[in-house]
1. Under unit Cβ charges (Lys, Arg +1; Asp, Glu -1), what dipole magnitude, rounded to 20 debye, does the chain have relative to its Cα centre?
2. Given R₀ = 41 Å, what would the calculated FRET efficiency be for ALA271 paired with PHE30, taking r from the Cβ atoms and rounding to 0.05?
3. Using 7 Å Cα-to-Cβ label points, what is the TRP237/ALA257 separation (nm, one decimal)?
4. Taking only the C-alpha atoms, wrap a convex hull around the range 150-260 and report its volume per residue in Å³ as a whole number.
5. Based only on Cα atoms, what mean projected area does the convex hull of the range 284-345 have, in nm²?
6. Could you grab the relative contact order for the range 261-386? Cα pairs under 8 Å, six or more apart, rounded to a whole percent.
7. Taking R0 as 30 Å, what's the FRET efficiency between GLU318 and LEU57 from their Cβ-Cβ distance, rounded to 0.05?
8. Would you mind pulling out the separation of the Cα centroids of the range 161-231 and the range 72-118, in Å?
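Bear in mind these aren't lab numbers, they're just calculated from the coordinates by the rules spelled out. None of the values given here were measured: they were computed from a predicted structure. We place every Cβ from the backbone using ideal geometry, glycine too, and count neighbours over all the protein chains shown.
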Amino acid sequence: MGAGFRVGTILGIPIRIDYSWLIIFAILVFALTANFAHMLPGLAFPVAVVLGLVTALLFFGSVLAHELMHSVVARAKGLPVAGITLFIFGGVSQLEEEPASPRIEFEMAVVGPLTSLALAVLFFLAWMAASPARPHTLADYFRIVPAAGIQSWAGAVFHYLAVINLFLAIFNLAPGLPLDGGRLLRAVIWHFSRDLRAATRVATGTGQLLGYLLIGLGILTFLAGNAGGIWYAFIGWFLLQAAQQAYQQMLFRSALAGVSVGALARRDALAVPPDLSIQNLVDDYLLRYAANVFPVVEGDRVVGTVGMNEIHHAPRDEWPITPVSRIMRPVTADEVVSEKLDAWDAVQRLGHSECECLLLIDDGKLDGIVTRDSLLRWLHTQRQLRT
């Protein structure tokens, strides 16, 4: 997932929207507008657009409810939640810690599909109440686009939401990470084997298999003349990548087990003065040393950090005359850590914030620095030593 923006907070949980979400939202509004115009003969185009917009918003509201229930259960079990992000394929709850037991994993996972199923039932009942006529066949209940002539405006909206939430519940039960069914599978295997790593390997393996199957189905569907096959392949590719990432994250966490930040920190980190020009920062530090972020020190006191992100915000023609103090990030409490902090907690803190590094400060003086790059180099070295 790429960059995004925060839209609000629900129950104390930050809600963000990834920029990729805007793409699928626009496509969904367009498709729904066309479907409603087809289902409801004589419907004015502006009304069809409004129905498409409202239905798309309610659909993503359903996805948000699904993810919110994951987060609510996680917090009830003592797991901190960094937030929820909506993106092109739905949503994800960002947990700062993994579940401590198979039971917690199971309870967190199962509540998502149950929420989608409950929403499907509610929207189905609303559809039946709003429709002027009953469906003619059983198939009419489960069509994404129901037969024309049996819908009211509200009925058309409720029908779509009922069916799509049912599909969400069923699809999420597929037994492969990162889907909820994959987490349920991992919880069951973890319970009986007492081996989280083995359980994760199986669940991510089935997730990758599911991804390959969807990619293959998408290719065959497209070759058969159905352009919708592109979406199957796209979803399959996403599942494949997400499953691989889930397994790598587990290996990452295992490698960092029992390791403290102090063991990873660079004690000889180069610091720069606040009056140094951006041009000199680039020429004398950034291009010479294997680092992309530097602490800014005035006297003995750390006053900020500066790196590529900050440099990119400064006009290039002003680099020779602009001091580092103008672009640096002030040091925040989240960036100052104890050397006894668990290394995995450091990874989580770097992953869920905008800071590029964590600072070890002793009596106001810089004692060490941990960056994303230093963490990756440490892991790479550990992997080479074990092979």
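1. 1240
2. 0.20
3. Here the modelled spin labels are 3.5 nm apart.
4. About 143 Å³ per residue, rounded to a whole number.
5. Across all orientations, the range 284-345 yields a mean hull projection of 5.7 nm².
6. For the range 261-386, the relative contact order is 31 percent.
7. 0.10
8. Here the two parts' Cα centres lie 17 Å apart.
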